[in-house]
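Each remark here refers to the structure printed beneath this line.
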Amino acid sequence: MAILKVIAIPDPLLKQASPELKNVGDQTRRLACDMRETMLSHKGCVGLAAVQVGVLARLIIVDVSLSANPHRSSGVLTMINPVITHSSGKTSSREGCLSVPDFIGSVTRKKKIEVGYTDIDGQKRSLKTEGFEAVCIQHEIDHLDGIVFLDRVTSLKTDVFRRQESV
Amino acid sequence: MTYISLTAIGKDKPGIVSAITGILSELKCNIEDSTMTILHGQFAMILIIKLHPEISLKILAAKLRVPSKKLDMSLSYAQIPVFSSKKKKTSNSYVICVYGKDKTGIVHGISAFLASKQINITDVQTTVSKKAYIMIIEAELPVKLPAEKFSRELAVFAKTLNVTVSVNRAESSEI
């Protein structure tokens, strides 16, 4: 296992869409292990997409139990070729990203999702989740499509009071 | 009623806000609005102040001279017109995020493009994140301007600056 280097904007790789993984072999399993170790090496990190460690492949890992705040968690999720099949509702939260260091932005996402994926043993699976875990999965899947959360910012970071008056 | 703007900036240290607002409070001048932040190690504050009827700008400035000198702050004042908060809905709020490798001219390039489209910038936050420059603009798009078309044109223009842009409708928090 190894801790991999995490790339950051403006690295052009982060703007690229990742291709599907055709099969789950030792190479994919090793990558998933390294990604997990990389995630654990960054305090408070709850998810990582393969592209963030420089590999263009549709593989993400999410573990919201690593968050400083308690959240409903399905434990460690390793998702290959994840696809959101159903979604509903809206939720706004402040997001950060290892690939966008020192910055937090408010992003609106779906509240509940159902995601289909292949697990690390090559089994087809489906997961229904909501809240923070759903937000994280959407954030990581975005990476696979070349989207970082900055592309979805819907309000200023200090947006506590919105300016209404105009002179 | 007299409104003034007060801009103060100086090396950040504890006690700046307290010292400045202490004088305002003493002179019964009300802070109507403010923004304060640290920029490059400098504490910067912009205050809109409603003067107490018996206090002139001259008196306020004289009183503030002592703490500003002590704190090594540079202050400037301007009288501003009384504003009315009437607002006609002729625009929609959007958040425009711009990011890419830092270089001189990004802010001007983007803002000039927005100005050419009669888009009013209402708020800007910028930050340098390691090698990347991030600017988040809140802007009012004229209702007549189709947002999707504008977004596409802005994306094309952004390529000339080698930055990425996104345009999203501003969400107001509902809690």
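The values are calculated or read from the model by the stated rules, or taken from the named source; none is laboratory data. It should be emphasised that the depicted structure is a prediction, and the values quoted were computed from it without experimental measurement. Ideal geometry is used to build each Cβ from the backbone, glycine not excepted, and the neighbour counts take in all protein chains shown.
Evaluate segment B:49-69: report whether one residue or more is of a type outside the set (A, V, I, L, M), under 30 Å from B:VAL163 (Cα atoms) and away from chain A (no Cβ under 14 Å). No, the conditions are met nowhere in segment B:49-69.
Residues are listed down the side, and each one gets a yes or a no for (1) within 14 Å of chain B (Cβ to nearest Cβ); (2) over 13 Å from the mean Cα position of the chain (by Cα):
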{"position": "A:GLY47", "(1), (2)": "no, no"}
{"position": "A:SER65", "(1), (2)": "no, yes"}
{"position": "A:GLY96", "(1), (2)": "yes, no"}
{"position": "A:THR108", "(1), (2)": "yes, yes"}
{"position": "A:ILE113", "(1), (2)": "no, yes"}
{"position": "A:GLY116", "(1), (2)": "no, yes"}
{"position": "A:SER126", "(1), (2)": "no, yes"}
{"position": "A:GLU140", "(1), (2)": "no, no"}
{"position": "A:VAL153", "(1), (2)": "yes, yes"}
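Output yes when any residue across segment A:12-22 is of a type in the set (Gly, Ala, Ser) and away from chain B (no Cβ under 14 Å), and no when none is. Yes: segment A:12-22 contains one or more residues that are of a type in the set (Gly, Ala, Ser) and away from chain B (no Cβ under 14 Å).
Listed here are the residues, each with its yes/no results for (1) more than 23 Å from B:VAL124 (Cβ to Cβ); (2) assigned by TED's automatic domain parsing to the domain that holds B:VAL128; (3) touching a residue at least 40 places away in the same chain (Cβ under 8 Å).
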{"site": "B:GLY15", "(1), (2), (3)": "yes, no, yes"}
{"site": "B:LEU27", "(1), (2), (3)": "yes, no, no"}
{"site": "B:ASP33", "(1), (2), (3)": "no, no, no"}
{"site": "B:ASP72", "(1), (2), (3)": "yes, no, yes"}
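Scanning segment B:117-142 for residues that are over 30 Å from A:ILE7 (Cα atoms) and at the interface with chain A (Cβ under 10 Å from one of its Cβ atoms) yields a total of 3.
Let's see how each residue does on (1) without any contact (Cβ under 8 Å) to a residue 60 or more places away in the chain; (2) within 17 Å of A:GLU20 (Cβ to Cβ):
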| residue | (1), (2) |
| --- | --- |
| A:LEU40 | yes, no |
| A:GLY47 | no, no |
| A:SER73 | no, no |
| A:LEU77 | no, no |
| A:SER88 | yes, no |
| A:ARG94 | no, no |
| A:PHE103 | yes, no |
| A:ARG109 | yes, no |
| A:GLY122 | no, yes |
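At least 3 residues being at pLDDT 95 or above and exposed (fewer than 14 other Cβ atoms within 10 Å of the Cβ) is the threshold, and among the strands (runs of 3 or more DSSP E) wholly inside segment A:1-111 those reaching it are A:77-88. Looking at B:LEU154, B:LEU145, B:LEU114, just one residue is touching a Lys or Arg at 6+ places or on another chain (Cβ under 8 Å) and more than 9 Å from chain A (Cβ to nearest Cβ), and that residue is B:LEU145. Residues in segment B:29-50 that are out of contact with any strand residue (DSSP E or B) (no Cβ under 6 Å at 6 or more places or on another chain) and modelled with pLDDT of 95 or more: B:PHE43 alone. Within the option set A:ASP34, A:ASP11, being farther than 20 Å from A:VAL115 by Cβ and touching a residue at least 40 places away in the same chain (Cβ under 8 Å) holds for one residue only, A:ASP11.
Here is a yes/no grid of residues against (1) in contact with an Asp or Glu (Cβ under 9 Å, 6 or more places away or on another chain); (2) in a loop (DSSP other than H, G, I, E, B):
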position: B:VAL98; (1), (2): no, no
position: B:LYS103; (1), (2): no, yes
position: B:ILE110; (1), (2): no, no
position: B:GLU138; (1), (2): yes, no
position: B:SER151; (1), (2): no, no
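Identify all residues within segment A:17-39 that are over 21 Å from A:HIS139 (Cα atoms) and hydrophobic (A, V, I, L, M, F, W, C); write none if there are none. If the condition is that a residue be over 21 Å from A:HIS139 (Cα atoms) and hydrophobic (A, V, I, L, M, F, W, C), then A:VAL24 is the only one that fits.
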